[in-house]
Amino acid sequence: MNRRLALLGFASALLGLVALGGGAAQAQTGPSCAAAKKKLAGKKDQKLLTCDATAVAKGASPDADCKQKARDGFSAGWDKVEAKGGCFTTNDKSTTEAKVDAHVTDLESTLHVTGSTPSKCSSKKFKGAGKKGLCLLLCHGKAQKKGLPLSDPTITACMQKCRDKFSAAFSKAEEAGDCRTTGDATTVETKIDVFTTSVASMLPTGVVTTTTTTTPSISRTRCCQAVGACFDASEPDAMVKCPLLHGTLAAAGRVCNGQTGACGTQKVVGANCCQCPANPAQFPHPQYCFDTNISSCGSVCTKTVGAACGPKSLAEAVARSGRHDRRAARDRGAGQESVRILRRRPLRHRRPATRPGVWRRVGRRHDRARIAGVDHERLPARGRRPQADAGG
């Protein structure tokens, strides 16, 4: 009984968590709300212009019920979005609706919605205009949800796709030859751009755009003064290496004079030299390359001044590498030759076998007997009984 109650309690708790999770999933953020509102404005614009397209194709007046259905859908959708909460603003429905209505009226005048002659061309133009308006507002909503500026490459590509489809639709529509207006693609496109920008800017984005001014930093060169030697390096590098070498950073503007081994006003390249080892009293820096004129400091550096020493000389390094390679090759050749000799050495003192497989076994046994110093002639083959001596 107790176990059943415990399971029921666990199930109730689990259902409660699921319910809470469902409520959390329905939570709406400010950008999501604004993006949804832009989508609603674009849908209303498209539906109203679709009503006009249907009427123009028939040579009739736009259906009032069709347009009212578009307005009712917009209003209901807007209220539903705001009911979820989290919106930046909650008093902009009538303003947005008025913008959409004004834009549709403007396009109806430009594309000549009134007329008794049916026009497939003008009908397609109304549809193309409505599709572009919705497409652009969807791109604005995408930028808002992702927190991207309109200059982001993905957003600019989205908007360009809308424009390309609109241009293609207008060009194809005018091929029908029954257009009420012609050559008005640029005019209509400009009107749509202005409308969508106005609606998008009216609904807060919640995206903060900041301008950052950066001043390029100039990496200065500093001279590190050590005992009887110096080297130049970038300031960050010199500040790290110089204390490790028991040196001091010279004043800014000083450079290394390799002939004197001192930081001065004139840059002179000396003999890059490394203690490996030589005279610790004169040059107590056994692991780093310096500019110096000390002749007994060791060897010529094979690396950058200020870097850790390399081999004593480049020639010696090459020679050493060559000797190592030749020795390795010789060792490898000797090893391979030994393997070849062992592989082709025949087994000796074999006896004929009466069945397959005995020959190899006998051969190995007699080889072991020969190595151990046993008379292999007296060893019987496997599976045979030893024969008695003739004298026995």
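Just a few scattered comments:
- When each of Lys69/Lys146; Lys58/Lys84; Lys124/Lys161; Lys67/Lys146; Lys58/Lys80; Lys80/Lys120 is checked by Cα-Cα distance, pairs over 30 Å: Lys69/Lys146; Lys58/Lys84; Lys67/Lys146; Lys58/Lys80; Lys80/Lys120
- Amide H contacts under 5 Å for Phe290, placed H, 5+ residues apart: Cys273, Gly306
- Considering only the Cα atoms of region 152-205, their convex hull presents on average a projected area of 4.5 nm².
- Positive minus negative residues near Val188 (Lys, Arg vs Asp, Glu; Cβ under 11 Å): -1
- Span per principal axis, largest first, for the Cα atoms of region 27-202 (Å): 50, 37, 19
- Among residues other than Leu203 with Cβ under 9 Å from its Cβ, the summed charge is +1 (Lys and Arg +1, Asp and Glu -1).
Taken together, the values in this text are just the output of simple stated rules run on the coordinates, not laboratory data. The model shown is predicted, which means the values in this text are computed figures rather than measured ones. Positions of Cβ are backbone-derived with ideal geometry, glycine not excepted, and every protein chain shown enters the neighbour counts.
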